[in-house]
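Before any comments, here is the structure.
The values are calculated or read from the model by the stated rules, or taken from the named source; none is laboratory data. The structure presented is a predicted model; accordingly, all values stated were derived computationally and were not measured. Neighbour counts run over all protein chains shown; Cβ positions are idealised from the backbone, glycine included. The protein model used for the area step is the full one, side chains on, heavy atoms only, and it has no ligands, DNA or RNA in it. Shrake-Rupley method; radii C 1.70, N 1.55, O 1.52, S 1.80 Å.
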Amino acid sequence: MLSVDTQVLVDAEAVAQQACAEIAAAAQAAIHERGVFRLVMAGGGTPQRAYTLLAATAQDWDKWEIFWGDERCLPVDHLERNSQMSLPTPHRFPIPAELGAEAAAAAYAQTIHDKLPFDMVMLGMGEDGHTASLFPGFAVAAGLTTAVHNAPKPPPDRVSLTVEALQNCRQQLVLVTGQGKAEAMAQWRNGEHLPIAVAVRADACVLVDAAAYGESSV
């Protein structure tokens, strides 16, 4: 079932704008309370617009720390690496997926161990209901990170935070846009056991556009 805090917005641009506002507000609160804002970024096309909007705003970037929910096992400078999407802070902690899935997963577990709980974890959803690199049919892994092989989307080798790590945060922000996500969204709403449904907490903020929600207008 969807979170109680599910907001259906008119289109993908509205989702990006609301996400930008939510992230900025969370950052301000975290920095005020603890002096640092730790954000786990989601990959994929849906959050990219939100990052672009956010990067153009005035933030106390030196107090932001950026992590990633998953990464593809590709060279560091490959354009399809999730770490190519970032924000203007010097404090970035990319997943070293170029080392190979197992080695990178082990290294990143050590990196994030002392950073928990994150302040905000961002999640997206694929058309099959996957989130991060947790795909349908894959076993729920223990620990903070997991090596992923034989992923149904290329590249087959990836590294992902586990459900445990994705939920170890003060706030989750979930972004879902596009008509191609409507079937998976309907399955999620109906209580089917999708990775996104397992990973998202009951108190998450879910921002979805009308096309993904299955509505022509809101």
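Scan segment 179-198 and give yes if some residue there is open to solvent by 50 Å² or more (accessible area, probe 1.4 Å) and under 30 Å from Ala24 (Cβ atoms), otherwise no. Yes.
Okay, residues lined up against (1) under 19 Å from Gln48 (Cβ atoms); (2) hydrophobic (A, V, I, L, M, F, W, C):
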residue	(1), (2)
Ser133	yes, no
Gly143	no, no
Ala147	no, yes
Leu166	no, yes
Leu175	yes, yes
Gln179	yes, no
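Checked against the criterion of being at pLDDT 95 or above and on the phi > 0 side of the Ramachandran plot, segment 117-136 contains one or more residues that satisfy it.
Does Ser3 satisfy being in contact (Cβ under 8 Å) with a residue 12 or more places away in the chain, small (Gly, Ala, Ser), outside any helix (DSSP H, G or I) and under 26 Å from Val206 (Cβ atoms)? In short, yes.
Selection within segment 199-209: residues that are more than 14 Å from the chain's Cα centre (by Cα) and surrounded by fewer than 20 Cβ atoms within 10 Å (Cβ to Cβ). The member of this set that is farthest from Ala24 (Cα to Cα) is Ala202. Pairs under 6 Å by beta carbon, first residue on the phi > 0 side of the Ramachandran plot in segment 12-33, partner open to solvent by 30 Å² or more (accessible area, probe 1.4 Å), six or more apart or different chains? Note: no pairs meet the criteria.
Scanning segment 107-126 for residues that are in contact with a Cys (Cβ under 9 Å, 6 or more places away or on another chain) and more than 15 Å from Gly143 (Cβ to Cβ) turns up Pro117, Phe118, Asp119, Met120, Val121.
Considering only residues of segment 157-178 that are touching a strand residue (DSSP E or B) at 6+ places or on another chain (Cβ under 9 Å) and without any contact (Cβ under 8 Å) to a residue 40 or more places away in the chain, which is most open to solvent (accessible area, probe 1.4 Å)? Looking at the filtered set, the residue picked out is Val163. Which members of segment 98-146 meet the condition of being touching a Lys or Arg at 6+ places or on another chain (Cβ under 9 Å) and open to solvent by 30 Å² or more (accessible area, probe 1.4 Å)? Across segment 98-146, the qualifying residues are Glu98, Lys115, Leu116, Pro117, Glu127, Asp128. Checking each residue in segment 8-21 for being assigned to a helix (DSSP H, G or I) and either open to solvent by 40 Å² or more (accessible area, probe 1.4 Å) or in contact with a Cys (Cβ under 6 Å, 6 or more places away or on another chain) (or both) picks out Ala12, Glu13, Gln17, Gln18, Ala21.
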